[in-house]
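Just below is one structure, and these are the notes that go with it.
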Amino acid sequence: MSLIKSISGIRGTIGGRIGEGLNPLDTVKFVSAYATYIRENVQNGSNKIVVGRDARISGKMMEQLVIGTLMGMGFDVVNIGLATTPTTEMAVKMEQADGGIILTASHNPRQWNALKLLNSNGEFLDAKAGEEVLDIAAKEDFNYANIDHIGHIIEKDYTYKHIQSVLDLDLVDTDLIKSADFEVSIDCVNSVGGIVIPKLLKALGVNKINELYCTPNGDFPHNPEPLPEHLTDISNIMKTTSSDVGFVVDPDVDRLAIICENGDMFGEEYTLVAVADYVLQYTPGNTVSNLSSSRALRDITRKYGCEYNAAAVGEVNVTTKMKATNAVIGGEGNGGIIYPSSHYGRDSLVGIALFLTYLAKQNKKVSEIRASYPQYYIAKQKVELTSNINIDAILTAIKEKYKQYDITDIDGVKIDFPEKWVHLRKSNTEPIIRVYSEAHTMQEAEEIGQEVMTIIQQLAK
C-alpha cells in the first residue's frame, strides 16, 4: 500500500492500515486540514467548496467521505459529481468558491485515488499553501462545526458550462470545424472523458465519432497513462476507419494525446507544440513549458519572434511563470494545454477545440502537420544510488563539470547543449536521479543521457 503526501495533494492506493494507504481515516484527516487552511486563509465569504471526481471505482466512496468532512467543517459543498479536472477548476471560479477538491489520481492505475487541492482561483495550491496543509494535518488540531453551522450540499452539473466556455473562445471556429466534416476517433479510458468528449465534439459540429472506452465505470481497459505503448487499440481503429484524427485523454481529462490519420502517434510532446503553433499565428506572445518538455516549443515560439521561458516541473510552477511573463499559451510536454484565455489549468477540451480549428484551417492531414515540426526525441532514464549518497553534492559537481554550457538550476540541473539537453532531477521519495535528455535522434538522446549518468556513477563511488 502507498500513501504519498505532497504539496500538490494526497495520493495513495485505496485501503490498508492508517498511514499506509488512502483509507477513510486518512482521507478525513487531510480534508479536515485543507478545510482548516481555507478557513484561516481565504476571505471571499462564499463559504463554498467545489467537489468533482473522475470515474474511478473508489470515487463514490471518496466523494461521500470528502463531502461529509467538509460539511462537518461548516462548509457548503457544491458537488458537481463526475467531472473533469479542468471542469472542477472552472467551477470554482464560476461559483466564486473558497476552493475545490478534485478526486482523481490522474493517469495512475485503478487502485489509486487522490485529493487534488485548489485555491479560490481554481488553481492548484502553491508550495507554501501545500506545506501549511501538511503541517495542519500533522498536528490534527481540527475544530468541527456545531449542529447549527453544519454545511449543506448543492448539486450542480458543470459539463455544459465548461463546453460552452470552450465554444466561446475566439480561436475556436465551430462553423469551420463543421464544414470540414471530420471523422474523429476517441479513447476515453472508461472515465469522465467518456461523458464530456463526445458532447464537446458534437457541440463543435463533429457528427462522425468512433467511441472507444467511453463508459464511465472506472474499469480502465489499458494502462490509463496516454503513452504510445498503451494506445494500440485506437491506433488500430484509425487504420481501419476513415478517421481524420484521434484523441486520447487520461482519466481526469487534463492530458491530451493526438493520433494521426494513419494510426501513428502524433507524440504527447507535440500536442502543446501544435496548439501553440496555431495560437501564435493569430495572437503572438510568450510561451512557457517545464524544463523537461521538448525544445520544439521554444523553436516554434522563436519562429514567430516571441519569447519562450521554462518553468520548474509541476503545473503550478508553469502557471506561475505564465502569469509572470504574460504568456498566451503554455503547458507541459505530457499533453497538458494551458490556455489563459480559458483558464490557468491543463485542459484537454480546450486542446481538442483549438486543434480541430487549426486542422480545418490548415487543410492538411494530421501526419503532414506533425511532419512540419522540428524533430526531437526524449529519452527517460534514471540512476539508482544508495541512501547515504549526497545527491545535492553530485548535482553541484555536474554543474561545475558542464559550466561552459547554459545551466538552469531552478529544478534540479538542466544542461542546454547547442543541439540537445539533459535534465537531472532527484526524487523526493527514493535515492534516485531521473535523467531526461533530448536530441534530434533517439540514439543521440540516449547517448548524452548515458554520458551524464556515467559521470554521476563515478561521483557516487
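Taking the stretch 308-376 and the helices (runs of 4 or more DSSP H) fully enclosed by it, the elements with 1 or more residues that are under 20 Å from the mean Cα position of the chain (by Cα) are at 315-325, 348-362.
Yes or no, residue by residue, for (1) without any contact (Cβ under 8 Å) to a residue 60 or more places away in the chain; (2) over 28 Å from Gly330 (Cα atoms); (3) part of a strand (DSSP E or B); (4) small (Gly, Ala, Ser):
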{"residue": "Lys202", "(1), (2), (3), (4)": "yes, no, no, no"}
{"residue": "Asn210", "(1), (2), (3), (4)": "yes, yes, yes, no"}
{"residue": "Pro216", "(1), (2), (3), (4)": "no, yes, no, no"}
{"residue": "Glu225", "(1), (2), (3), (4)": "no, no, no, no"}
{"residue": "Phe247", "(1), (2), (3), (4)": "no, no, yes, no"}
{"residue": "Asp252", "(1), (2), (3), (4)": "no, no, no, no"}
{"residue": "Glu261", "(1), (2), (3), (4)": "no, no, no, no"}
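Taken together, Leu171, Leu176 contain a single residue that is surrounded by 14 or more Cβ atoms within 10 Å (Cβ to Cβ), in contact (Cβ under 8 Å) with a residue 60 or more places away in the chain and either in contact with a Pro (Cβ under 7 Å, 6 or more places away or on another chain) or not in a helix (DSSP H, G or I) (or both), which is Leu171.
Taking only pairs six or more apart or across chains, which ones have beta-carbon atoms under 7 Å, a first residue in the stretch 278-303 that is surrounded by fewer than 23 Cβ atoms within 10 Å (Cβ to Cβ), and a second residue that is of a type in the set (Phe, Trp, Tyr) and in a helix (DSSP H, G or I)? Listed by first residue and then by second, the contacts come to Tyr278/Tyr358. All of Gln404, Gln381, Gln450 fail the test of being outside the structural domain of Asn334 (by TED's automatic domain parsing) and assigned to a helix (DSSP H, G or I), apart from Gln450.
Apart from one condition, Met90 fits all of (1) surrounded by 21 or more Cβ atoms within 10 Å (Cβ to Cβ); (2) of a type outside the set (Gly, Ala, Ser); (3) out of contact with any His (no Cβ under 6 Å at 6 or more places or on another chain); (4) under 27 Å from Pro340 (Cα atoms); the exception is (3). Taking the stretch 332-350 as the range and being among the small types (Gly, Ala, Ser) and touching a Ser or Thr at 6+ places or on another chain (Cβ under 6 Å) as the test, the residues that pass are Gly333, Gly335.
Just a yes or no: is a residue in the stretch 11-18 closer than 22 Å to Asp141 by Cβ and either crowded, with 16+ Cβ neighbours inside 10 Å or not assigned by TED's automatic domain parsing to the domain that holds Phe142 (or both)? No: zero hits. If you go through the stretch 372-393 and keep only what is in contact with a Lys or Arg (Cβ under 9 Å, 6 or more places away or on another chain), over 30 Å from Lys461 (Cα atoms) and of a type outside the set (Phe, Trp, Tyr), you end up with Ser372, Pro374.
Taken together, the residues in the stretch 410-436 that are more than 21 Å from Lys5 (Cβ to Cβ) and either part of a strand (DSSP E or B) or out of contact with any strand residue (DSSP E or B) (no Cβ under 9 Å at 6 or more places or on another chain) (or both) amount to 12.
Which of the residues spanning the stretch 114-161 are of a type in the set (Val, Ile, Thr) and over 15 Å from Gly81 (Cα atoms)? Passing the criteria: Val133, Ile136, Ile147, Ile150.
The values are calculated or read from the model by the stated rules, or taken from the named source; none is laboratory data. These figures come from a predicted structure and were not determined experimentally. Quick reminder, even Gly has a Cβ in these numbers, built from the backbone with ideal geometry, and neighbours come from all protein chains shown.
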